[in-house]
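The values are calculated or read from the model by the stated rules, or taken from the named source; none is laboratory data. Note that the structure is a prediction, hence the values are computed from the model and not measured. Here the Cβ positions follow ideal geometry from the backbone for every residue, glycine too, while neighbour counts run over all protein chains shown. Only protein heavy atoms, including side chains, enter the accessible area calculation; ligands, DNA and RNA are left aside. Shrake-Rupley method; radii C 1.70, N 1.55, O 1.52, S 1.80 Å.
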Amino acid sequence: TARDGLKVLGGGANIVGVVTATGADINGDLDVDGHTNLDNVSVAGVTTMSGNLTITNTAPKIFLTDTNNNDDFEIRNDDGTFSIRNSTDGNDMIRVASDNTTTFNGNSDFLAGIDVTGNTTVSGDLDVDGHTNLDNLSVAGITTFAGTVNTASIVATGIDLNGDLDVD
């Protein structure tokens, strides 16, 4: 039992029981076997871990701060909505809601194409460069063609033409 401190020289110390300390300065490796509960951890340098990383909070976030450039980002789960947020300008770049609706904020470039299963709604203009094969096209409204229209047949209740119609 030591009342005024413990000083061990040479081979180290073997302590059995609870150790209470007001501070510790360890200038080498710290090997902890078993569960360790740390209230506050500050790591300067590389952190290596194996296994899963679990972050538990009412709104957990991971901050990705670029110290020499903007923009900075955060990964978050806010009330069941997963998002990748540009924390520099405050915009959610990608949001996945709890109903699995995915929202992209800004322009999205899909370099390998887009496969859509189900209906597609386009609320703006649809600009197609190159050949487009449409199995079934229904047009409600005025249609303008700038070139030749090839068709096997036209079924209509009425055709209103302004200009020439050449039928072979």
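Hey, among the residues in segment 77-99 that are assigned to a loop (DSSP other than H, G, I, E, B) and on the phi < 0 side of the Ramachandran plot, which one's surrounded by the most Cβ atoms within 10 Å (Cβ to Cβ)?
Among those residues, the one meeting the criterion is Ser87.
What pairs come up if the first residue lies in segment 14-41 and is without any contact (Cβ under 8 Å) to a residue 60 or more places away in the chain and part of a loop (DSSP other than H, G, I, E, B), the second is surrounded by 10 or more Cβ atoms within 10 Å (Cβ to Cβ) and of a type outside the set (D, E, K, R), and their beta carbons are under 8 Å apart, counting only those six or more places apart or on different chains?
Pairs that qualify, where the first residue is without any contact (Cβ under 8 Å) to a residue 60 or more places away in the chain and part of a loop (DSSP other than H, G, I, E, B) and the partner is surrounded by 10 or more Cβ atoms within 10 Å (Cβ to Cβ) and of a type outside the set (D, E, K, R): there are none.
Look at Thr143 and say whether it is more than 30 Å from Asp166 (Cβ to Cβ) and free of Cβ contacts under 8 Å to residues at least 40 places away in the same chain.
Values: more than 30 Å from Asp166 (Cβ to Cβ): no; free of Cβ contacts under 8 Å to residues at least 40 places away in the same chain: yes.
The answer is no for Thr143.
Output the residues belonging to segment 100-139 that are closer than 27 Å to Ile62 by Cα and either polar (S, T, N, Q) or open to solvent by 70 Å² or more (accessible area, probe 1.4 Å) (or both).
Within segment 100-139, Asn100, Thr101, Thr102, Thr103, Phe104, Asn105, Asn107, Ser108, Asp109, Phe110 meet the criteria.
Cβ-Cβ under 6 Å, sequence separation 6+ or interchain: first residue in segment 81-106 and more than 21 Å from Asp66 (Cα to Cα), partner in a loop (DSSP other than H, G, I, E, B) and modelled with pLDDT of 95 or more. Which pairs?
That search, which allows pairs on different chains as well, returns Thr81/Ala97.
Would a scan of segment 33-45 turn up a residue that is at pLDDT 90 or above and loosely packed, with under 10 Cβ neighbours inside 10 Å?
No, that holds for no residue.
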